[in-house]
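Below you'll find the structure, written out as structure tokens, and then a few comments.
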Amino acid sequence: MDESASPRASVLLMGPPNVGKSVLFNHFTGMEVSCANYIGTTVEYSTGEFRGMSRDTLLIDVPGTYTLEASNEAEEVAVRMLANPPSSRDEIRHSSSHCEPTSKHDPSKPSAVLCVLDAVNLESSLYLLSYILDYRLPVVAALNRIDIAKKKGIHVSHEKLSHILGIPVVPTIAPTGAGTEELKQQLEKLLSAGGQAETARHQSTDPLQRWKRVEDIAARVQHREKQPEHRSTFDELLIRPWPGLPIAVLILLGSFGLVVGLGMGLRQFLLLPLFRGYVFPLIISGVESLLQPGMLQRILIGEYGFLIKGIEWPFTLVFPYVLSFYLAMAVLEDSGYLPRLGALLDGLFNRLGMSGGSIIPLLLGYGCAIPAIMATRALHTRKERLIAVSIICLTIPCISQTGAIITLLAEHSAAVVFGLAVFSLIAVASTGLLLEKLLHGPLPAMVIELPELLPPRPSVLGKKLAIRSKRFISDGAVPMIGAVGLASVLYESGLMTAAGRVLSPLVTLWLRLPEEAAVPLILGIMRRELSILPLLEMDLTALQLFTGALVGLFYVPCIAVVVSIAREFKLTTALLILLTTSTTAFLVGGIVAQIGGLLI
Amino acid sequence: MTEKVQLRRHRRRRGAMKGVARPSLQAVKFFEHLSSKHSFFSRQYNRLFYHRLVHSEVAAAQLKPGSRVLHIGCGPMPFTSFELAQAGAVVTAVDIDPRAVEKARQAAVSAGLASEITVLLMDGMDVDPRQYDGIWVSLHVSPKDELIPNLLRKMSDESVLVYRNPRGWLRLWYGRCRQPVRQRVVRQFLGKESIIIQKQEVTEEVPLSELYPGAAGTIVHVPEHPLLSPLGVRKGKHIAVTGRCMLGGPIVVAVDGRSSAIHRSLAQNVHIIPEHSTRTA
């Protein structure tokens, strides 16, 4: 907290969910906050330097909320920030659920609020704004999404709105950047006018009266060409069992096809030739010219040589699938289809103890379990969160692991991949059914907005892919190279073989795998895909491959996931999940191996 | 009782209603012609299909003895009319098929119910429903989408409307008709359900969870929930139902052009005064 009179200004970026705040944030700060066409993308908040301002200004992206009644976590964060914004820059903090005690110091109030209004859904935006205005802070409003409003025949007069509210209102189109310059100028004007925070508590008014006031204002500034009609029939069809269910299956299968096809193509035709043909010979000749043959050289370029496997695996094997998965996910997110899928499947998911909304964390889990666990915060009940997290950890492979499994199995037969997918789905259903019975708690009652169906915008897709690639290299590839490095040290030093011998009865007798298959089981604790990858180098039969992949699928989530579960829930929860997953892995894998061994 | 009122052939909608209904109609007619000739067959048929059906309907409709009842689509063997008459009602049975009307008259005489049952040759759309305390509409009557709203509009405020819908696979043969009003649904034997609507309750508020796509109305009550009012689900707003998701999933609604899905347990506490509009489910 700045005790000194800091000249730095802080601006809160606020607005209802799914209004395009994050797009504006990225535009103003040049940073990368994820955005999607569904509610609750920003559960954490981020801060960034407001670029191009004459004064040192910090922009804070507050989670989207509909009200400031502090009825959920996001709203609590928003209320707290209005009183006391975070002061350090570039900090992405996890919002703690503890309310800070009222500070004895004079709280450093935000210098201004930039409130984003949705021109399409003006009333609910104005409702939030009315709460913000109660804080008597300097406020600028951006009237966003005017392009979509115009298309729907809704005209909003920003001059009139500005006049009624007594604050500057700037029409904007966030994705194209239209209006953002003027917004910046208005903010600059407000900050230089030295709009100091007045100290006045917001008066609590009855929500009904507040809505009445807001509806009045909206009626005065808004003009509709035609009465709002309900959505096109196509939209309605998506949420009906027929043809919505077959369409959902087609869309999910299509996405799966895109992930696998594009990933395999990138690997086979672009990355593998590139690395095998140009990068590795360079590395090998470089190392050979520098080092004498010996243990160190083997660690670097030997069997588990981490300059070879440590680069080949992340970049030619995992990276293509990361790209193709996040492309497919970005298309699904940006189109607004996911909430519809959630509504369609809600009845089914209720039987598994979850609401349809948990389809979003589950799908995210196919990318990486950690953001998926974060996304479960948007779910309403604790029971639902626990079930979703258990399913993600037990049965949903992350994209690195999927890439490894596909590479491992697809060369042998596509049927094995299909069989594994079926096993995975059965496991999803049975985990849900079982936990629904075991855990107590009310059935989640979902309310979810179904936003406009929009064609995915290539610029947004491109940006998202760029963010994901960067993040993969920093958060995915580097730890993976490290893990492979550690593995090669263990391997070359003989420790791995020793550990393998200890596990060998389990591996050779129960799972019917070669003794060296104990190695991936140890590595898999560090990173999920490493429970599969080393199998690639072994000469295994189809049944052994299937067993290995199955064990890898159910096996422990990686260490980072266990840590984040412990942080989100309790250490005991994390340990329980750890125990359950490894037991299931050996149990299911062993049964398949034994039965398969009898049949074949 | 081949219950068939053919109302304006040119307005028959939906594939399921076209042609497909004909063979099944012929089959039912055949059985009922048989039973109008042979009393043993008739008794079994009656016991199997109609006795319990009509009794549960009469109980659910709270029909008092001495009530005047209109039965639309009575067919050649009007079992429903018989059961109603035996429950103490004075029945006017109508059908659009002259042959069926003739047979039904004979059947009423031979059942000894001629004084309680009057059979008329009429189109259900042309009957004036105001003078009846209860109106029964048979399963085979089509198109119900026009007939039922018409009856609901015209019938007297104290009267009750009972009609039958197919359940399950039968839905593929006969269209299912749902009205955006408060109703009792009684599940029946062999893939049928009876819908009982008290006219008094029609103008009253209905839980959102009981409405079907195509229904619309004004919101009069909303439960406490942080998300409902921001999504536009507030008192006084016009709301349209655009979907009901499968397996007891959410009700999908549009308010001010904004779509949201509301779980059924919450939708139960959102109360609507529906405006009249119809669509088959």
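The values are calculated or read from the model by the stated rules, or taken from the named source; none is laboratory data. If you're wondering where the values come from, they're calculated on a predicted model, not measured in any experiment. Virtual Cβ from ideal backbone geometry, glycine too; neighbours counted across all protein chains shown. The protein model used for the area step is the full one, side chains on, heavy atoms only, and it has no ligands, DNA or RNA in it. Shrake-Rupley method; radii C 1.70, N 1.55, O 1.52, S 1.80 Å.
Values for this structure:
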read-out: Residues (facing chain A (nearest Cβ under 8 Å) and among the charged types (D, E, K, R)) located in segment B:217-234; value: B:Arg234
read-out: Segment A:365-392: number of residues that are in a helix (DSSP H, G or I) and either open to solvent by less than 20 Å² (accessible area, probe 1.4 Å) or not aliphatic (A, V, I, L, M) (or both); value: 17
read-out: Test: residue in segment A:454-463 that is within 14 Å of chain B (Cβ to nearest Cβ) and open to solvent by 30 Å² or more (accessible area, probe 1.4 Å); value: yes
read-out: Those helices (runs of 4 or more DSSP H) lying entirely in segment A:213-301 with at least 1 residues among the hydrophobic types (A, V, I, L, M, F, W, C) and within 33 Å of the chain's Cα centre (by Cα); value: A:233-238, A:241-265
read-out: Condition met for A:Glu75 (assigned by TED's automatic domain parsing to the domain that holds A:Pro16, open to solvent by 10 Å² or more (accessible area, probe 1.4 Å) and at pLDDT 75 or above); value: no
read-out: Filtered residue count, segment B:204-231, keeping only those that are open to solvent by 10 Å² or more (accessible area, probe 1.4 Å), part of a loop (DSSP other than H, G, I, E, B) and among the small types (Gly, Ala, Ser); value: 2
read-out: Qualifying residue in segment A:556-570 (condition: crowded, with 18+ Cβ neighbours inside 10 Å, farther than 25 Å from A:Phe306 by Cβ, among the small types (Gly, Ala, Ser) and assigned by TED's automatic domain parsing to the domain that holds A:Ser424); value: yes
read-out: Filter pass, A:Phe319 being farther than 26 Å from A:Ala429 by Cβ, of a type in the set (Phe, Trp, Tyr), in contact (Cβ under 8 Å) with a residue 12 or more places away in the chain and surrounded by 14 or more Cβ atoms within 10 Å (Cβ to Cβ); value: yes
read-out: Unique match (being crowded, with 23+ Cβ neighbours inside 10 Å and of a type in the set (A, V, I, L, M)) among B:Val127, B:Val160; value: B:Val160
read-out: Whichever residue in segment A:206-221 is among the aliphatic types (A, V, I, L, M) and within 21 Å of A:Ile146 (Cβ to Cβ) and, among such residues, is most open to solvent (accessible area, probe 1.4 Å); value: A:Ala219
read-out: Unmet criterion (only one of (1) open to solvent by 40 Å² or more (accessible area, probe 1.4 Å); (2) closer than 26 Å to A:Ile387 by Cα; (3) not in a loop (DSSP other than H, G, I, E, B)) for A:Glu449; value: (1)
read-out: Subset of segment A:128-146 (residues that are under 15 Å from A:Ala78 (Cα atoms) and within 14 Å of another protein chain (Cβ to nearest Cβ)); value: A:Leu128, A:Leu129, A:Ser130, A:Tyr131
read-out: Residue tally, condition facing another protein chain (nearest Cβ under 7 Å) and at pLDDT 90 or above, over segment B:241-252; value: 2
read-out: Cross-chain or 6+ apart pairs with Cβ under 7 Å, segment A:423-445 first and over 24 Å from B:His263 (Cβ atoms) and assigned by TED's automatic domain parsing to the domain that holds A:Asp346, then assigned to a loop (DSSP other than H, G, I, E, B) and open to solvent by less than 90 Å² (accessible area, probe 1.4 Å); value: none
read-out: Count - residues of segment A:505-520 that are at pLDDT 80 or above and either over 19 Å from A:Ala542 (Cα atoms) or open to solvent by 20 Å² or more (accessible area, probe 1.4 Å) (or both); value: 7
read-out: Condition met for A:Leu348 (open to solvent by 20 Å² or more (accessible area, probe 1.4 Å) and more than 19 Å from A:Ala369 (Cβ to Cβ)); value: yes
read-out: Helices (runs of 4 or more DSSP H) lying entirely in segment B:48-164 (those with 1 or more residues that are among the acidic types (Asp, Glu) and in contact with a Phe, Trp or Tyr (Cβ under 8 Å, 6 or more places away or on another chain)); value: B:52-61, B:79-86
read-out: Filter result for A:Leu291 (of a type outside the set (Ser, Thr, Tyr) and either closer than 30 Å to A:Asp235 by Cβ or outside the structural domain of A:Leu523 (by TED's automatic domain parsing) (or both)); value: no
read-out: Considering residues of segment B:253-281 that are more than 7 Å from chain A (Cβ to nearest Cβ) and part of a loop (DSSP other than H, G, I, E, B) only, the residue modelled with the highest pLDDT; value: B:Val270
read-out: Unmet requirement for A:Leu509, which otherwise passes all of (1) touching a residue at least 24 places away in the same chain (Cβ under 8 Å); (2) under 18 Å from A:Gly548 (Cα atoms); value: (1)
read-out: Segment B:192-203, subset open to solvent by less than 40 Å² (accessible area, probe 1.4 Å) and not in a strand (DSSP E or B), residue farthest from the other protein chains (Cβ to nearest Cβ); value: B:Lys199
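Each row is one residue, and each column tells you yes or no for (1) surrounded by 24 or more Cβ atoms within 10 Å (Cβ to Cβ); (2) in the same structural domain as A:Leu68 (by TED's automatic domain parsing); (3) not in a helix (DSSP H, G or I).
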residue	(1), (2), (3)
A:Val113	yes, yes, yes
A:Val116	yes, yes, yes
A:Ser125	yes, yes, no
A:Leu129	yes, yes, no
A:Arg136	no, yes, yes
A:Ala142	yes, yes, yes
A:Ile148	no, yes, no
